[in-house]
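Readers should treat all values here as calculations from the given coordinates under stated rules, not as data from a laboratory. Fair warning: this is a prediction, and the values are worked out from it, not measured in the lab. We place every Cβ from the backbone using ideal geometry, glycine too, and count neighbours over all the protein chains shown.
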Amino acid sequence: MPLTVAVGDITQLDVDIIVNAANEALTRGGGVCGAIFRAAGPRLIEACARAAPCPTGDARMTPGFDAKARWIVHAVGPIWRGGAYGEAALLESAYHRSLERAKGAGATSIAFPAISTGIYGYPKEEAAQIAVSAVRAWRALSKTPEEILFCCFSESDAEAYRRELGKAPRC
Ligand code: ADP
């Protein structure tokens, strides 16, 4: 199944797993995190407290509670500090660890937001390039989850993903 780009609110998607752009403490934040906590309801706060902390580059999984998705994967991307602090490897790892969790759960579909590109300040084009290459690398190793979506909050963010997906995979 091809990698696809969706535009809109990730909490409205019809998928097994939505990925949260989380912080290490797995506490409620703004941006996509705030939207996911709103959709999942108060039980998510407690489940996240039990699963915390989560180091940067790693991911934890909780039920989706009142959200449409069955599970939520909380992936911690890096805070952008100029690019010389291992940010790219940490961002790639956040995608990879999320997909490992999804496969472990037997999920067939997963949607990622543009991790780290909001409050954490990662440049959007570079983040899209890493997201696409991380997911392609996963796809080369595993067929599951079958459906992998990139959920963008704006049409211009989606364009960056479409450009990346249109390029041949890097070796
Ligand atoms: P981070 O702290 O990892 O930077 P943010 O939530 O601030 O996380 O931003 C990550 C990305 O999620 C940004 O590109 C932002 O525009 C996008 N975003 C915000 N709200 C939503 C939502 N409801 N659905 C999908 N993406 C969203």
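Could you calculate, for the stretch 4-166, the ratio of the Cα radius of gyration to the Kirkwood radius, expressed as Rg to Rh?
Computed over Cα atoms, the ratio is 0.92.
Note down the net charge around Cys33, summing +1 for each Lys or Arg and -1 for each Asp or Glu among other residues with Cβ under 14 Å from its Cβ.
Summing Lys and Arg as +1 and Asp and Glu as -1 gives +1.
How large is ³J(HN,Hα), in whole Hz, for each residue of the stretch 119-124 in order, when computed from phi with the Karplus curve 6.51 cos²θ - 1.76 cosθ + 1.60 and θ = phi - 60°, using x for Gly and Pro?
4, 7, x, 5, x, 5
For an R0 of 30 angstrom, estimate the FRET efficiency from the Cβ-Cβ distance between Glu147 and Arg81 and round to the nearest 0.05.
About 0.35, to the nearest 0.05.
Considering amide H positions built from the backbone, and no H for Pro or chain starts, which residues 5 or more places from Ala6, or on another chain, come under 5 Å of its amide H?
Excluding prolines and chain starts, which carry no amide H, the hits are Phe150, Cys151, Cys152.
At a 10 Å Cβ-Cβ cut-off, how would you order Asp16, Asp9, fewest neighbours first?
Fewest to most other Cβ atoms nearby, the residues stand as Asp9, Asp16.
If you count the DSSP beta bridges with both ends in the stretch 1-131, what percent of them are antiparallel, to the nearest 5?
Of the beta bridges lying entirely in the stretch 1-131, close to 40 percent run antiparallel.
Using helices alone, what [θ] at 222 nm do you get for the chain, with -39,500 (n - 2.57) per DSSP H run of 4 or more residues, divided over all residues and rounded to the nearest 500?
-12500 deg cm²/dmol
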